[in-house]
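The values are calculated or read from the model by the stated rules, or taken from the named source; none is laboratory data. Keep in mind it's a predicted model, so treat the numbers as computed, not measured. Note that we place each Cβ from the backbone using ideal geometry, even for glycine, and neighbour counts take in every protein chain shown. Keep in mind that these areas ignore ligands, DNA and RNA; they rest on the heavy atoms of the full protein, side chains included. Shrake-Rupley method; radii C 1.70, N 1.55, O 1.52, S 1.80 Å.
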Amino acid sequence: MSFLTSISSPPQINSLFSSSIFSLYRFYSPLFSSLYHHKRSYGSGRIIRELGFLGDFRGKGRVTSGSMGKQKGGFFCVSSPCGSRGSCSCSSSNGDEFESEEDEEEVDDEEEGARSFCVLPDRWDVLGLGQAMVDFSGMVDDEFLGRLGLEKGTRKVVNHEERGRVLQAMDGCSYKAAAGGSLSNSLVALARLGYKPIGGPALNVAMAGSVGSDPLGGFYRAKLHRANVNFLSEPIKDGTTGTVIVLTTPDAQRTMLAYQGTSSTINYDSCLAGIVSKTNIFVVEGYLFELPDTIKTIIRACEEACRSGALIAVTASDVSCIERHYDDYWEIVGNYADILFANSDEARALCHFSSKESPISATRYLSHFVPLVSVTDGPKGSFIGVKGEAVYIPPSPCVPVDTCGAGDAYASGILYGILRGVSDLKGMGTLAARIAATVVRQQGTRLRVQDAVDLAESFAFNLEGSSSSVSSDVGSDHISSL
């Protein structure tokens, strides 16, 4: 019995999914020969989506010629992987040194760094546009947060002086530096899941963003490159790379302090337009809405993605960010998004629902505006919504160690399922829940290499078997319809 067989969704919810825009990505599976695209027409201030025939993307060049090196207009590609293993130290933007021991998840597979981007693919499977920030992660207690006047479980944007004060307080504590950011966590997990051709060809994953020319910027780029995520943005001369201090307490709650640096500047130019036009799924990180004038860049990039036939995914990212930039969120979500990732609080914020409203209600509401909605609800499970219907995904059992990165990991599972041509929501969501649980039971935000391989192998892509068993043991009580 395949992994999908025992957890398939009921046929009525699958039929909605199969008839939706996401049938486009069935070309990643040899089972499906009919390909679809979505045509967008503007009316009543909102995108109207309908099915149409696209033609076969296969054969349009997975990886072909294209030299590495600097490109004109602000984008470049790294030509060599990070050369050393073991510990690595860099200087922070203020001259202080930080030390990053080689992440445990990166030392267990020599092959990962071996797949160098010596040639560029003709198309990217996924391109993410987001904040490129270095994470400083450490374990602290409630007393530490109290001394600094920090509210547990919140995210706060800080200036250079505030960041220095917290880092000074952490002196003597054990903490790790990593190429962080919510979006990069998802992209690294996706690249690791799709690194080997299990259930389809290896996936090409890239990110665009903003880093400085300081050592932290070089550290960020090298770390992503080693994880097979090609970071395409050229560093800003004399700029400083943003950082996020992630403080995790013993109850697995995280408190985040973000210093934006030059990550507050992302401009739209011909090079960004060029790479957006060559991607199959374009992911916009919600944290970008915090940045001044970035909404203009996001709109133009989404318009280019629409013209190119790409799917557009948006991550809600943060409740306070939604509340501050509500209209900007809906400008993108209502007019461009094909996929929306949110947790229950973020989903309610987007709906202007009170905290008393259930996450399934928010999922159902949002799915009237976005073809596929993914809403996580922590240890209670998650929901996937399509056209006013919602399927419940039970949580994958685990003992939580660090909840940081759980939602990012879950999103990678949904994207992976779409790219592998899976049409069963229950199976896709169950894989996403397993990936999230794998990250939650470890310290750190990144899906480890061997865990990713094991998960990809366990996810038996026997679509013929799964499609013949859609009327499985999942009862109708798992479906919520309007």
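Protein heavy-atom accessible surface, 1.4 Å probe, per residue over the stretch 367-430: 25 Å².
Of the whole protein surface, Asp345 contributes about 90 Å² of accessible area at a 1.4 Å probe radius.
When the surface is traced with a 1.4 Å probe over the full set of protein chains, Arg254 keeps roughly 80 Å² accessible. Among the listed pairs Lys156/Lys176; Lys223/Lys278; Lys176/Lys223; Lys356/Lys380, those whose Cα-Cα separation exceeds 22 Å are Lys223/Lys278. Only loop residues by DSSP count here, and only those with at most 13 other Cβ atoms within 10 Å; note down the GluC sites (Glu not before Pro) in the stretch 110-210 that meet that. The qualifying sites are Glu151. Taking every alpha-carbon pair under 8 Å whose residues sit at least 6 apart, the stretch 128-263 reaches a relative contact order of 39 percent.
Rounded if a/c is under 1.5, else prolate if a/b beats b/c, else oblate: with a ≥ b ≥ c from the C-alpha gyration tensor eigenvalues square-rooted, which is the stretch 199-345? Verdict is rounded for the stretch 199-345. Rounded to a whole number, what % of the accessible area of the stretch 335-408 do carbon and sulfur atoms account for, probe 1.4 Å? Ligands and nucleic acids excluded, carbon and sulfur reach 56 percent.
Name the shape class, rounded, prolate or oblate, that the alpha-carbon gyration tensor gives for the stretch 395-464, where a ≥ b ≥ c are the square roots of its eigenvalues, rounded holds for a/c under 1.5, and otherwise prolate holds if a/b is larger than b/c and oblate otherwise. Prolate is the answer for the stretch 395-464, as a/c is 1.5 or above and a/b outweighs b/c.
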